[in-house]
Amino acid sequence: MNHPERPAGRALSEAEAEAEAARLIAEGYSANAPVATSYKDVAPVPPIGYALPVQQDGRAPMSQRATDASVLMLAGAGSVSMVSVSAGILMYLSQYADPVVCGIVLGGPTVAVLALCRLVRRAKEVVEAAPPVIHQHYEGTVIQETTEINTHTRGVIARTHNRFDR
């Protein structure tokens, strides 16, 4: 930093540098030293840090399941619209087409796909409801203790007897 009385670009001599350092130290420890009102850290921000994530403006992020569902809905809407437009063009171009027959012929695959999707969903629910397979591997001496508690409650004024069997 240049002193106000010294022109910019001129190097300090050894004696001037020592005098300037002594002046700055004395000014820093004096009672009437100027107080910094702001500070800007000019160090570059690291790309990876330990700060917690902050909610960003805009649309909230979607889970993988929601993303898959939206893609499935878009694909289904596209296929249904293609089938519907095809049926409409077919009925318009052939003046003899029966709308019921067109509905049965073009709607049949849609019903089959919907039934297949429901069957897959039910199979997935059955697989998720099954108890998990647990494999436990032990090394060394293993002691297994089981405790059975028998409880008997009798009477209008409840009286409970607990018996612990080992």
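The values are calculated or read from the model by the stated rules, or taken from the named source; none is laboratory data. No experiment lies behind these values; they were computed from the predicted model shown. What goes into the accessible areas is simple: the full protein's heavy atoms, side chains included, and nothing from ligands, DNA or RNA. Shrake-Rupley method; radii C 1.70, N 1.55, O 1.52, S 1.80 Å.
If I take every Cα pair under 8 Å that is 6 or more residues apart in region 20-166, average their sequence separation and divide by the length, what percent do I get for the relative contact order? Please list the in-between numbers first.
Values: 38 pairs, mean separation 13.2, N = 147.
With pairs under 8 Å counted, the relative contact order is 9 percent.
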Task: Rounded accessible area of ASP98 (nearest 10 Å², 1.4 Å probe) - done: 80 Å²
Task: Whether region 101-166 is rounded, prolate or oblate, judged on the alpha carbon gyration tensor where a/c under 1.5 counts as rounded - done: oblate
Task: Value of D in µm² per second that Stokes-Einstein yields for region 45-166, Kirkwood Rh from Cα pairs, at 25 °C (0.890 mPa s) - done: 105 µm²/s
Open item on the list: Show me the helices of the chain, taken as full DSSP H stretches, that run 27 Å or more along their long axis by Cα and average 0.0 or above in Kyte-Doolittle hydropathy.
Closed with: 64-93, 99-129
TODO: Only helical DSSP H runs with n ≥ 4 go in: add -39500 (n - 2.57) per run for the chain, normalise by residue count and round the 222 nm mean residue ellipticity to 500 deg cm²/dmol.
DONE: -16500 deg cm²/dmol
Task: Where N is the number of residues in region 1-101, Cα Rg divided by 2.2 N^0.38 Å - done: 2.94
TODO: Rounded to the nearest Å, what's the spacing between the alpha carbon centres of region 86-109 and region 16-83? Just the number, please.
DONE: 58 Å
